[in-house]
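A short worksheet on the structure shown next.
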Amino acid sequence: MRKPKARRAPRAPGLLTATLILVAFVGLMAGNYGLAVLRDIRAELPPVPEVRTIEVSTEVVDAKGQLLRPFTTANGRWRLPIELGDVDPDFIKMLVAYEDQHFATHHGVDWSGIVRAAVQYVGAGRIVSGGSTLTMQVARLLESGSTRNLTAKVRQMVHADLLEQKLSKDEILTLYLTLAPYGGNIEGIRAASLAYFGKEPSRLSTAEAALLVALPQSPEARRPDRDLTAARASRNMVIDRLALAGLIGPDEAAAAKSEPVPTARREFPMLAAHLAETAVKTRPGVRKIPLTLDKRLQGALETLGRTRAAEIGPKVSVAIVVADQQTGNILGSVGSAGLFETESDGFVDMTTAVRSPGSTLKPLIYGLAFELGLAHPESLIEDRPTAFNNYIPVNFDGFSRGTVTIRQALTQSLNIPAVVVLDAVGTARLVARIKRAHATPLLPYDTAPSLAIGLGGVGITLRDLVSIYAAIARGGSPVTLKDGAAIVPEEESVSAPVLDPLAAWYVSDILRDVPPPLNGAPGRIGYKTGTSYGYRDAWAIGFDGKTVIGVWVGRPDNVPVPGISGFNSAAPILFEAFDRLGTPTVPFRKAPKGAIIAQNPDLPSPLRRFRHPDVQMTKRDAAPEFAYPSDGTDVDLGMAVGDTLPLVVKIRNGVPPFTFFANGAPIGHSAFSRQSSWQPDGPGFVTLSVVDAAGQSDNVKVFLE
């Protein structure tokens, strides 16, 4: 970080002040009018500003400080903050040589220039040249007053003298570079360089620098987007004078004058538009807001999303999130196909929109089965029509494959085996693990999670899915995604795992076998696709050993898009996004201790076959069984934030009526319904029981919080 320039120590009144005091003293013999004028002028002057308190545009920057998106000031001005060291040194030399040759030595007023201006005024009867120094120009800019009369000039001279006493030369020059007008609502060298040349002012050509020197003298008349001839003439006048002074050579001057003048203003950068707006809203009054993004990657991803969305359809949008698995830093965040794309509702940030995840939660379902010791990737499972009371899942293509391995079931995204496994591990456990990944699933109010959540019957965001897959890629440990737009609470030192390391590795190993789209290479990344009901959402989430990327494709208004799917629409974008990283693919984690790498015949006997659903159905019909909550789960009733929601319990099977108990005390009776609600007194463990009309019972022990 550049060390701030030391301020000049306050000194005795400058030459101008001394002169005015002398004039006032002489005037005392005829009255004290001169001294009164001096005193009145000083009293009316605004306070000398702190350079870093001048109102400027808020700028949102990436992790390296590169500009992503600036915002106008409260009065609609583009006035970007600037430091002297960030401006091309040659421009500074040209500015001082042209505007104020004695800037380094005078005390606010260049008396030789004032004398010249006075002689010209007497001869012409009007102001021909102002004789203003850069310090006097800063004084004028701070007051925004008229300069076309002698009274205003005297006021500027007094103000300039005061500025020279309080500020260093570097601070005065920085104020000029921040406030100088460049036409329209463009103020300051940085805004002007971006508006006219599309680049920062750290490196300017001779022609570019000369134009930026000339514009503030008459910003509206010389604007290149309004009067190209006037702009070129003023630029060439600066070049000629600098050549005459020997600051640039004849050849350089000729080359500069042949360089074209820009004919239009460029758009200011608007990368990560949604995230930048969020940052400004959540952190008001901050001059510079650094995000965790990478500007190069962000630009590449926005181009990718915009191009692919246009190929699919005019009302289709694309969202992309890229995150570092270890830090949780979001490196790229594309909220839509374009902020101003009206047909596709580009103003909606689809990285945070709640949508149906389709099949993207299946890896977590199988991971829970691996963790509980119910299955291995090579375990056999039946893909046959199976009914769960009134819920009968079917595969995406309507066909069943018979006996398959868990690996095949996941790589082919079969629905029936996933629901069978989910029924075994429990929907409540799945929801709890989603929350451990710092995701927030949205379920229908006052209802228990059903088996349908395994196939997309839950609301979730793209960021949530990226967070879940980041945990899987990290070996099961969760990480909080951070973008810099909002303050994120510090993570707990020890967070409950989403999966144990072995289960997470099994899932990652399977996802590497998912067939890639035509533009992808097999085994390069582990990934999963998903398509929500009715072709409304197409998903693809993938990771290597370092980065996790999520892609969503669809319409923000939730209207179906016939033909889109995770594999055909989102997966190609996912693989292209990995290409945009610009770095080699990072290897996956090695297999942890205890991993069983074997084919089905070589597995331990209990892992060769997952329990058959028909056996499960027979057992389930014999007695009532808690569908929710499941035994051993934590149930969040909002007690931590002061709200205590009722606990809703649901029963499957058994013969009604049902009687419900909590810790042995009856809490409800239901003649026909298979659910009841109970208002607990506080947090803690509770044993829930149910007895049906046949005297059969079931009980679970849960923790309420």
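The values are calculated or read from the model by the stated rules, or taken from the named source; none is laboratory data. What you are looking at is a predicted structure, and each value in this text was computed from that prediction instead of being measured. Methodologically, a virtual Cβ is constructed for each residue, glycine included, from the backbone with ideal geometry; neighbour enumeration extends over all protein chains shown.
Within segment 514-531, residues that are in contact (Cβ under 8 Å) with a residue 60 or more places away in the chain reach partners that are assigned to a strand (DSSP E or B) with beta carbons closer than 6 Å, at six or more positions or on different chains, in the pairs Val514/Tyr527; Ile525/Gly542; Gly526/Phe543; Lys528/Ile541; Thr529/Ala540; Gly530/Trp539; Thr531/Ala538.
To keep it simple, each residue is scored yes or no on (1) in contact (Cβ under 8 Å) with a residue 60 or more places away in the chain; (2) assigned by TED's automatic domain parsing to the domain that holds Thr72; (3) under 25 Å from His107 (Cβ atoms).
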{"residue": "Met157", "(1), (2), (3)": "yes, yes, yes"}
{"residue": "Asp170", "(1), (2), (3)": "yes, yes, yes"}
{"residue": "Leu215", "(1), (2), (3)": "no, yes, no"}
{"residue": "Arg223", "(1), (2), (3)": "no, yes, no"}
{"residue": "Val238", "(1), (2), (3)": "yes, yes, no"}
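Val498 fulfils the conditions (1) closer than 30 Å to Val280 by Cβ; (2) part of a loop (DSSP other than H, G, I, E, B); (3) touching a Pro at 6+ places or on another chain (Cβ under 9 Å) except for a single criterion, (1).
Quick one: which of Ala375, Ala437, Ala387, Ala409 is at pLDDT below 90 and more than 30 Å from Glu311 (Cβ to Cβ)?
Details: Ala375 fails: at pLDDT below 90; Ala437 fails: at pLDDT below 90; Ala409 fails: at pLDDT below 90.
Result: Ala387 is the single residue among Ala375, Ala437, Ala387, Ala409 that is at pLDDT below 90 and more than 30 Å from Glu311 (Cβ to Cβ).
Among the residues of segment 542-592, the one identified as surrounded by 24 or more Cβ atoms within 10 Å (Cβ to Cβ), touching an Asp or Glu at 6+ places or on another chain (Cβ under 7 Å) and hydrophobic (A, V, I, L, M, F, W, C) is Trp552. As a summary of the residue check, Thr687 satisfies the conditions (1) under 22 Å from Leu451 (Cβ atoms); (2) touching a residue at least 24 places away in the same chain (Cβ under 8 Å) except for the one numbered (1).
Suppose the filter is exposed (fewer than 15 other Cβ atoms within 10 Å of the Cβ), under 25 Å from Asn185 (Cα atoms) and in contact (Cβ under 8 Å) with a residue 40 or more places away in the chain; does Val261 pass it? Judged against the criteria, Val261 is not a match.
Tyr506 falls short on exactly one of the conditions (1) at pLDDT below 95; (2) part of a helix (DSSP H, G or I); (3) aromatic (Phe, Trp, Tyr), and that condition is (1). The set of residues in segment 629-658 that are of a type in the set (Val, Ile, Thr), in a strand (DSSP E or B) and under 21 Å from Asn389 (Cα atoms) comprises Val648, Val649, Ile651. Would a scan of segment 497-517 turn up a residue that is more than 22 Å from the chain's Cα centre (by Cα), under 18 Å from Leu304 (Cβ atoms) and either not acidic (Asp, Glu) or not assigned by TED's automatic domain parsing to the domain that holds Arg580 (or both)? Yes - at least one qualifying residue is present in segment 497-517.
Which one is modelled with the lowest pLDDT, of the residues in segment 253-310 that are basic (Lys, Arg) and under 30 Å from Pro219 (Cβ atoms)?
Among them, the one singled out is Arg287.
Being surrounded by fewer than 21 Cβ atoms within 10 Å (Cβ to Cβ) and of a type outside the set (Gly, Ala, Ser) holds for only one residue in Arg226, Arg190, Arg222, and it is Arg226. If the condition is being closer than 28 Å to Ser565 by Cβ and in contact with a strand residue (DSSP E or B) (Cβ under 8 Å, 6 or more places away or on another chain), then segment 411-439 contributes Gln412, Ser413, Leu414, Ile416, Pro417, Val419, Val420, Val421, Asp423, Thr427, Ile434, Ala439.
Evaluate segment 422-434: report whether one residue or more is farther than 21 Å from Thr386 by Cα, out of contact with any Pro (no Cβ under 6 Å at 6 or more places or on another chain) and surrounded by 24 or more Cβ atoms within 10 Å (Cβ to Cβ). Yes - at least one qualifying residue is present in segment 422-434.
In segment 374-414, the qualifying residues are those that are free of Cβ contacts under 8 Å to residues at least 40 places away in the same chain and among the β-branched types (Val, Ile, Thr), and the one that is farthest from Trp505 (Cα to Cα) is Ile392.
Can you tell which of Gly545, Gly550 is assigned to a loop (DSSP other than H, G, I, E, B) and assigned by TED's automatic domain parsing to the domain that holds Ile596?
On the way: Gly550 fails: assigned to a loop (DSSP other than H, G, I, E, B).
Every option except Gly545 fails the conditions.
Here's the yes/no breakdown for (1) crowded, with 17+ Cβ neighbours inside 10 Å; (2) at positive phi; (3) touching a helix residue (DSSP H, G or I) at 6+ places or on another chain (Cβ under 6 Å):
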| site | (1), (2), (3) |
| --- | --- |
| Gly305 | yes, no, no |
| Ala387 | no, no, no |
| Thr403 | no, no, no |
| Arg407 | yes, no, yes |
